[in-house]
Amino acid sequence: MSVSRTDLTWRTLYLAGAVSAGVFVVLVLVPVTMLFTAPVPPTDGAGILEYIAEHPGVYLTQLVSFVGLAVPAMVVLAALAVALRQVDKSLALIGGLFGVASEIIALALGSSPQSLHGGLVVLSDAYSKASSAERQSLVSAADALIATTNAVSWAGILTAAAILILSITMLRGDFGRVGAILGIVTGLLGIVSEALRPLMGVSYTVYGLLLPTWFGIVGWKLLRMHVQTRSVS
């Protein structure tokens, strides 16, 4: 993508977007790898409370990674929107707003499927110390948190919509057809996957693997733009 002198004031954002894309990829790949190498968290109240007590490191790593990736994702989507403003200001702004809003919602929720919620850590600690009579109320509270966590979230749908809109804008510019087409596929699949998440099962994994791939490509493009702005200056 060509860089004009008007882009020079944005080069720090491009660099931040590139670095954030790398962080996003790591935060996705680490817990995804753990899903294949460590026990998968159960989806029932008693099971998840016992699981957290037995595997606190695994659970907390997955929780922090999946919730924390909203921060680098927000920077990447904002940087991409700025980079695409010369292609179509309206679409770039809409895509950027969707992206930033979705990640703020995700951070506010502080949870992620499957069955990842900070409140469950607190309940697990209480569960391990509670008597048999007290445990049933804690299991009920855990079941309620799990149901909320694993339900359809607008944050996920907005993220996929942002990727779709920004990728359509990429296709109309010279940002690279591979990343644009991959983003369009990822966005469309993501909207369906997030909207029908309770029914997707293993199929949701396809969307989960496309996400870091697209973010990686975008991060590389943003890094190149940063380098180009240095040469222009």
Answer yes if at least one residue in region 129-143 is open to solvent by 60 Å² or more (accessible area, probe 1.4 Å) and under 22 Å from A70 (Cβ atoms), and no otherwise.
no
Is it true that G119 is surrounded by 15 or more Cβ atoms within 10 Å (Cβ to Cβ) and either charged (D, E, K, R) or in a helix (DSSP H, G or I) (or both)?
yes
Residue pairs within 8 Å by beta carbon, gap of at least six or interchain, first lying in region 92-108 and at pLDDT 95 or above, second open to solvent by 40 Å² or more (accessible area, probe 1.4 Å) and not in a helix (DSSP H, G or I), listed first then second, are A92/R85; L93/R85
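Suppose the filter is surrounded by 14 or more Cβ atoms within 10 Å (Cβ to Cβ) and within 22 Å of L93 (Cα to Cα); does L158 pass it?
Answer is yes for this residue.
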Find the residue count for region 34-62, including only residues that are surrounded by fewer than 18 Cβ atoms within 10 Å (Cβ to Cβ), more than 16 Å from the chain's Cα centre (by Cα), part of a helix (DSSP H, G or I) and not small (G, A, S).
7
Among all residue pairs at least 6 apart or on different chains, which show Cβ distances below 7 Å where the first residue, located in region 164-175, is touching a residue at least 12 places away in the same chain (Cβ under 8 Å) and the second is of a type in the set (K, R)?
L171/R177; F175/K221
Just wondering, is there one or more residues in region 128-137 that are touching a residue at least 60 places away in the same chain (Cβ under 8 Å), hydroxyl-bearing (S, T, Y) and over 22 Å from V218 (Cα atoms)?
yes
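The values are calculated or read from the model by the stated rules, or taken from the named source; none is laboratory data. A quick note: this is a predicted structure, and the numbers were derived from the prediction, not measured. Positions of Cβ are backbone-derived with ideal geometry, glycine not excepted, and every protein chain shown enters the neighbour counts. Remember, those area values only see protein heavy atoms, side chains included, never the ligands or the DNA or RNA. Shrake-Rupley method; radii C 1.70, N 1.55, O 1.52, S 1.80 Å.
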